[in-house]
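Reviewing the structure listed below.
Read-outs throughout are calculated quantities, based only on the coordinates presented, and are distinct from any laboratory measurement. Fair warning: this is a prediction, and the values are worked out from it, not measured in the lab. Because the Cβ atoms are built from the backbone with ideal geometry, glycine has one as well, and the counts that use them run over all protein chains shown.
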Amino acid sequence: MTRKLDDVMAALPKARRERIEARAMELATLKDLRQAAQQTQEQLAAALGVGQDTISRLEKRSDMLLSTLRQYVESMGGELNLVAQFPNRPPVVIEHLGAEPVARKKSSASARRARAAA
């Protein structure tokens, strides 16, 4: 059974939660993030529907698709945000990158052609 990070954190004493949250702000690797969430590679693999070896390889990569990173983070109950920062400008949150594509509606002309062909 997969445990959500929010549930695990809620069960901890306040002082422990604060230490974990402070440490999480310093984390640099996916392995560190997974360990802070108190999940094993096997648990994360089960949540993602892949093998443990896939998680091991993923944690060693320096480059990956945003959608893969988003799935990894969301499987632990987190949310991935991509922020672009520029000098002398406020940060910009980039949305919809790495998210599942939205299905497009067929145009009325395409729909008519499809019905005519049927």
Task: Sorted peptide list for 48-54, 12-18, 68-74, criterion being average Cβ within 10 angstrom, highest first - done: 68-74, 48-54, 12-18
Task: Using θ = phi - 60° and Karplus 6.51 cos²θ - 1.76 cosθ + 1.60, couplings along the stretch 49-54 (whole Hz; Gly, Pro as x) - done: x, 10, x, 4, 4, 5
Open item on the list: If amide hydrogens are placed 1.01 Å from N in the peptide plane, which non-local residues have theirs closer than 5 Å to the one on residue 82?
Closed with: 94
Task: All aspartates and glutamates inside 17 Å of residue 14 as judged from Cα atoms, apart from same-chain residues fewer than 8 positions distant - done: 6
